[in-house]
Amino acid sequence: MSTTQIYEQHYRRLDASIPLRGQRWIPIAREGLKALVSFRAYLGLIAIAWLPTFGRLVQVYFTTRFPEARRIAPIDDKFFFDASTGIQLVFMLLMAAYAGAGLIANDMRTGGLLLYLSRPLTLGDYIFGKAAILLVSLSMVTLIPNLVLFLGARSLAPDVLGAPVHLILIPKIIALSLVLTLPTAGLVLALSTLARNPRFAGLGFFFIFAGSSVAQVIAWRATRSPYAGLISIQATMRRAGEAIFAVKPARMTADLPPELAIVTLVAMCLVCLAVLKTRVRAVEIVK
Amino acid sequence: MTARVVFEKASRWYGPVMALNDVSFELGPGVYGLLGPNGAGKSSLLKLASGQLRPSQGSVRLLGRPAFGSPDVFHSVGLCSDTDALFEDFTGLQFVMALLSLNGFDRATSEKLAIEAIETVDLKDAMHRKVGGYSKGMRQRIKLAQSLAHKPEVLFLDEPLTGMDPQNRKRISDLMKRLGDEGRTVLVSTHILHELEQVTQRVLLIHNGRVLAEGNLREIRDLLDRHPRSVRLQARDPRGLARELVGLPDLVSLNMEDATGHLVAEIRKPDAFFSRVQELAAVHGVQEMWVTDENLESVFSYLVSK
């Protein structure tokens, strides 16, 4: 510069009062959840997703009144396994598409990523913060209702579930929830980065989820191989869950080693993570 | 000069497209204009400076650290980008507070700083309205508010005056000047020359990814004065006016458009020319006069050809 101006520092430097390292994702998650909670559809979906839980609690109540009903509908591990993998799975998919499809896609489409990355955040903070929004949302329709179901059932039917040995169901429910929500969250977030348009990401998610199950049935009919179950995300999750709850496996995947199902799900999560890291970084590079 | 932003032979390309080519400069405290026509590489330069992009070659340092991959540096950096992405369902206040929370400020401090920044950009009346309902100028101001709310040492402003009315342009221009006078480093990108003149005399001229000129705006003005500019005149007596003008020493050419009856003059020293036209205005009924190519594109083309 040809002219030199003398400046004195007249401004005050500000330092944040909260140490950020290790918890920088929390504000992203908090603000994202705050934004989601302002939508009635989001709250409505959570409310509807809790109806089966209340239905099952009513069922438990009836079995305490009519003990002979336990022979038809026993309150056992399978009862809680079915509670997680039945209709609850549909709500989980709906929630994943609703809350997750736009999480990153919208930021990428509009350039909102810049708002985050011009703050003291790493890419990991951003991805983790977004994943936390989705995991909390998914837990609201899987983990939390199932834990409430267990605790409610335990208080309604202490003769059946009151013994300390049944407390093992809590880690089982948590483990099954992780098996269901982590790959789902990974997949929908990865699609969110790939599609940019939340609608396409949501549709793509349903297509992959449903399509993989159809492909599994076709492959199983053609080969009768239990490994065909690995094609289906749902069947793979279910097989891992069956092992956790030690319930009788489904016919098509009865001979599929559950370890293999778990390894497949872990691999799926890693692939999704790699996609996330590549794609979110790509926004910065290809503009 | 304490250099806060340092480019050393920095280049950046997207596939085969060269966005920035071998750019070197240093910025200390004060306001700097980043001037260039659309597509010159201003946004790429700002993204490199603000650590959003990694340089393909060379280095970019911000507050003594590599700009890319040093997230902690953003405690002291503010960015008002050209993107129109905001949190549409948040109110203005919530929007600024949310971004302050990403800096690690607690709720009470975030609120205080957010209100301060919103007052600075004169949006207090609208701070409880949803950002989605803001006008273009208001969106621009709330973006500006979020960029300066945490009182950064270095501010990058990408076309900050776009969409603002004259009153707010003046207000924001004064604000930028004040921030520079306080000793902060403010880099303002724009493609409109006169916007910068109100704020700073120090500019970086960028064209086709290269820093073409770096220096005082007066020097750039001199370059402009050497570049023949086209002036269109509408007068009641264009022939009489042409007769008077034709003898001026800095006139390069003079033509009359048959279709419109306008005089089109190419001149080198606009100030002298404009004074002469003023003197003749009443006699020959000069109704309008406008410079037709006073855009940066033509100036840059001229500079590049030199």
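The values are calculated or read from the model by the stated rules, or taken from the named source; none is laboratory data. Since this is a predicted model, take the numbers as computed values, not measurements. Glycine also receives a Cβ, built like all others from the backbone with ideal geometry; neighbour counts cover every protein chain displayed.
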**OP:** Report whether or not B:Leu53 is more than 23 Å from B:Gly180 (Cβ to Cβ) and either in contact with a helix residue (DSSP H, G or I) (Cβ under 7 Å, 6 or more places away or on another chain) or crowded, with 24+ Cβ neighbours inside 10 Å (or both).
**Re:** yes
Listed by first then second residue, the pairs whose first member lies in the stretch B:20-33 and is more than 10 Å from chain A (Cβ to nearest Cβ) and crowded, with 24+ Cβ neighbours inside 10 Å, whose partner is hydroxyl-bearing (Ser, Thr, Tyr) and assigned to a strand (DSSP E or B), with beta carbons under 6 Å and at least 6 positions apart or on separate chains, are B:Leu20/B:Ser11
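Does the stretch A:53-73 hold any residues that are part of a loop (DSSP other than H, G, I, E, B) and of a type in the set (A, V, I, L, M), and which are they?
Hit for the stretch A:53-73 is A:Ala73, nothing else.
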The lone condition B:Val77 fails out of (1) over 25 Å from B:Val31 (Cβ atoms); (2) at the interface with chain A (Cβ under 9 Å from one of its Cβ atoms) is (1)
For the stretch B:101-120 the number of residues that are at the interface with another protein chain (Cβ under 9 Å from one of its Cβ atoms) and either closer than 22 Å to B:Arg171 by Cβ or not in a helix (DSSP H, G or I) (or both) is 5
Those residues of the stretch A:51-108 which are within 21 Å of A:Leu151 (Cβ to Cβ) and among the β-branched types (Val, Ile, Thr) amount to A:Thr53, A:Val58, A:Val60, A:Thr63, A:Thr64, A:Ile75, A:Thr85, A:Ile87
The lone condition B:Asp84 fails out of (1) closer than 29 Å to B:His207 by Cβ; (2) surrounded by fewer than 20 Cβ atoms within 10 Å (Cβ to Cβ); (3) more than 12 Å from chain A (Cβ to nearest Cβ) is (3)
Going through the stretch A:35-46 in order, the residues found to be over 18 Å from the mean Cα position of the chain (by Cα) and within 12 Å of chain B (Cβ to nearest Cβ) are A:Ala35, A:Ser38, A:Phe39
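For B:Leu62, state whether it is within 13 Å of chain A (Cβ to nearest Cβ) and touching a Gly at 6+ places or on another chain (Cβ under 7 Å).
Yes.
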Screening A:Tyr61, A:Tyr116 for residues that are farther than 30 Å from A:Ala153 by Cβ, over 17 Å from the mean Cα position of the chain (by Cα), among the hydroxyl-bearing types (Ser, Thr, Tyr) and at pLDDT 85 or above leaves only A:Tyr116
Filter result for B:Gly36 (crowded, with 21+ Cβ neighbours inside 10 Å, over 15 Å from A:Tyr116 (Cβ atoms) and at the interface with chain A (Cβ under 9 Å from one of its Cβ atoms)):
no
Practice item. Tell me, yes or no, whether the stretch B:153-160 has at least one residue that is in contact (Cβ under 8 Å) with a residue 40 or more places away in the chain, within 9 Å of chain A (Cβ to nearest Cβ), assigned to a loop (DSSP other than H, G, I, E, B) and within 27 Å of A:Trp25 (Cα to Cα). Key: yes
Of the candidates A:Ser155, A:Ser118, the one satisfying the condition of being more than 14 Å from chain B (Cβ to nearest Cβ), hydroxyl-bearing (Ser, Thr, Tyr) and in contact with a Gly (Cβ under 9 Å, 6 or more places away or on another chain) is A:Ser155
Within the stretch A:31-52, residues closer than 21 Å to A:Ala132 by Cβ and in a loop (DSSP other than H, G, I, E, B) come out as A:Ser38, A:Phe39
For B:Ser44, are the conditions met, namely being surrounded by 18 or more Cβ atoms within 10 Å (Cβ to Cβ), of a type in the set (Ser, Thr, Tyr) and closer than 30 Å to B:Arg12 by Cα?
-> yes
Only one of B:Leu148, B:Leu123, B:Leu155 is at pLDDT 90 or above, under 16 Å from the mean Cα position of the chain (by Cα) and not charged (D, E, K, R), namely B:Leu155
Within the stretch B:24-39, residues touching a Lys or Arg at 6+ places or on another chain (Cβ under 9 Å) and more than 21 Å from B:Val199 (Cα to Cα) come out as B:Ser24
Scanning the stretch A:243-263 for residues that are over 14 Å from A:Phe79 (Cβ atoms) and not hydrophobic (A, V, I, L, M, F, W, C) gives A:Pro249, A:Arg251, A:Thr253, A:Asp255, A:Pro257, A:Pro258, A:Glu259
Flagged in the stretch A:155-205 as within 30 Å of A:Ile75 (Cβ to Cβ), of a type in the set (Ser, Thr, Tyr) and buried (at least 20 other Cβ atoms within 10 Å of the Cβ), in numbering order, are A:Ser177, A:Thr181, A:Thr184
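Among the residues that make up the stretch A:96-107, is at least one of them more than 27 Å from A:Ile48 (Cα to Cα) and within 13 Å of another protein chain (Cβ to nearest Cβ)?
yes
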Those residues of the stretch B:126-138 which are within 14 Å of another protein chain (Cβ to nearest Cβ) and modelled with pLDDT of 90 or more amount to B:Lys130
A:Trp50 vs (1) away from every other protein chain (no Cβ under 14 Å); (2) closer than 24 Å to A:Phe205 by Cβ; (3) modelled with pLDDT under 95: all pass except (3)
Picked from the stretch B:88-100 (must be more than 7 Å from every other protein chain (Cβ to nearest Cβ) and closer than 21 Å to B:Asp158 by Cα), the residue surrounded by the fewest Cβ atoms within 10 Å (Cβ to Cβ) is B:Glu88
Check: Yes or no: A:Tyr61 among the hydroxyl-bearing types (Ser, Thr, Tyr) and touching a Leu at 6+ places or on another chain (Cβ under 6 Å)?
Finding: yes
Would you call A:Ile218 assigned to a helix (DSSP H, G or I), within 22 Å of the chain's Cα centre (by Cα) and over 20 Å from A:Leu93 (Cα atoms)?
no
Exactly one of B:Met138, B:Met97 is out of contact with any strand residue (DSSP E or B) (no Cβ under 7 Å at 6 or more places or on another chain) and over 27 Å from B:Thr190 (Cβ atoms), and that one is B:Met97
The number of residues in the stretch B:37-65 that are in a loop (DSSP other than H, G, I, E, B) and on the phi > 0 side of the Ramachandran plot is 5
